Amino acid sequence: MRLTLRQVNLLLLGVVVLSALVLTWGTVETYRHLPPLPELFTTGDETVLFRREDIRAGQRVFQRRNLMGFGTLFGNGSYFRPDFGAEYLAFLRDHVADQFAREQVG
């Protein structure tokens with residue numbers, strides 16, 4: 001079966017339109033199902049830890065510095081910086097080990 005140039009162009013246009021529709025649908029669904037963001041985050045004794053605006057300000061810094069891919073498994077962040085989660089866990093491991101040794105040995 002041989003396709004004419006017009007048929008190939010129509011097929012390509014169909015694929016592009018269908019892809020755009022799927023991406024638009026996915027974007028709308030993502031924003032529609034965002035988790036709620038409370039106004040305040042507090043401890044059990046009602047001490048305010050941070051506010052919604054603090055989170056939004058952190059997001060703006062993160063986006064302004066283009067840090068979305070840094071330290072991620074699926075992004076290309078591991079090419080630029082270490083995985084921040086793994087770095088923190090290693091720091092925490094050492095800190096807990098030191099604290100445990102101080103408590104046990106003195």
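The values are calculated or read from the model by the stated rules, or taken from the named source; none is laboratory data. The model shown is predicted, which means the values in this text are computed figures rather than measured ones. Don't worry about glycine lacking a Cβ; one is built from the backbone with ideal geometry, like all the others, and counts go over all protein chains shown. Accessible surface is based on the protein model in full, side chains and every heavy atom, while ligands, DNA and RNA are left aside. Shrake-Rupley method; radii C 1.70, N 1.55, O 1.52, S 1.80 Å.
Figures for the structure shown
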item: Residues located in the stretch 37-65, provided they are surrounded by 10 or more Cβ atoms within 10 Å (Cβ to Cβ), of a type in the set (A, V, I, L, M, F, W, C) and part of a strand (DSSP E or B); result: Leu40, Phe41, Val48, Phe50
item: Matching entry among Gln104, Gln7 (being among the polar types (S, T, N, Q), at pLDDT below 95 and outside any loop (DSSP other than H, G, I, E, B)); result: Gln104
item: Matching residues, the stretch 23-36, being surrounded by 10 or more Cβ atoms within 10 Å (Cβ to Cβ) and either among the aliphatic types (A, V, I, L, M) or not in a helix (DSSP H, G or I) (or both); result: Leu23, Val28
item: Flag if Val17 is of a type in the set (A, V, I, L, M), at pLDDT 95 or above and open to solvent by less than 80 Å² (accessible area, probe 1.4 Å); result: yes
